[in-house]
Amino acid sequence: MRLAALVMGVFVLVGATADSASLTEEQQHLLDRHLSGRVSEAPVSCIHAARVASPRDLIVVSDRILLFRVSTSLIYRNDVQQDCPHMALSPYIPNIASHGSSICRGDIVTTDRGSCVLGEFVPYRTPR
């Protein structure tokens with residue numbers, strides 16, 4: 001049992017390192033600027049679309065990472081399930097096809113050059 005937990009821990013660390021290594025210095029700076037000082041919480045499957053009120057509240061970090069700013073104290077990080085072609089370079093805001101009043105894991109993100117699928121939403125909150 002301990003070996004399985006250790007192996008899973010190694011996979012998580014390797015995945016986090018690989019993800020960070022794939023970001024450019026500028027992208028890492030953008031990610032750090034928005035999430036620094038915040039504490040991550042357990043992932044959720046959906047967020048209310050109305051809470052992401054304006055296009056300014058959707059921050060494209062890379063072809064793989066989106067940030068949804070809900071308030072000054074809460075940002076959700078979403079790592080899409082596969083790279084979204086040229087999302088970080090596009091001058092256009094990605095379009096998210098959601099159903100109903102929520103944006104959920106599995107919803108489609110469309111850019112001017114392709115599409116991808118949203119992953120889970122990890123909340124990052126400013127500690128009180």
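Sorting the segments 61-73, 98-110 by their residues' average number of neighbouring beta-carbon atoms within 10 angstrom, most packed first, yields 61-73, 98-110. How would you classify region 25-125 from its alpha-carbon gyration tensor, with a ≥ b ≥ c the square roots of the eigenvalues: rounded for a/c under 1.5, else prolate if a/b is greater than b/c, otherwise oblate? Oblate is the answer for region 25-125, as a/c is 1.5 or above yet b/c matches or exceeds a/b. Taking amide H as placed 1.01 Å from N in the peptide plane, VAL117 has its amide H under 5 Å from the amide H of GLN81, GLN82, VAL109, each at least 5 places away in sequence or on another chain. 3J(HN,Hα) along region 100-111: x, 9, 10, 9, 10, 3, x, 5, 8, 9, 10, 10 Hz, from the Karplus curve 6.51 cos²θ - 1.76 cosθ + 1.60 with θ = phi - 60°, whole Hz, x for Gly and Pro. For ARG64, the amide hydrogen comes within under 5 Å of the amide hydrogens of CYS84, counting only partners 5 or more places away or on other chains and with H modelled in the peptide plane. For region 25-125, a crude dipole built from +1 on the beta carbon of Lys and Arg and -1 on the beta carbon of Asp and Glu, taken about the Cα centre, is about 340 debye to the nearest 20. Taking amide H atoms as placed 1.01 Å from N in the peptide plane, the amide H of SER102 lies under 5 Å from those of ALA49, each 5 or more residues away in sequence or on another chain.
Scalar couplings 3J(HN,Hα) for region 73-86, obtained by applying the Karplus form with A = 6.51, B = -1.76, C = 1.60 to θ = phi - 60°, are 10, 9, 10, 9, 9, 10, 9, 4, 6, 8, 4, 9, x, 6 Hz; x denotes Gly and Pro. Overall form of region 86-128: oblate. Here a/c, set by the Cα gyration tensor axes a ≥ b ≥ c, is 1.5 or more, and a/b is not larger than b/c.
We did not get these values from a lab; they are worked out from the coordinates using the rules stated. The model shown is predicted, which means the values in this text are computed figures rather than measured ones. Cβ coordinates were reconstructed from backbone atoms using ideal geometry, including for glycine residues, and neighbour counts include every protein chain displayed.
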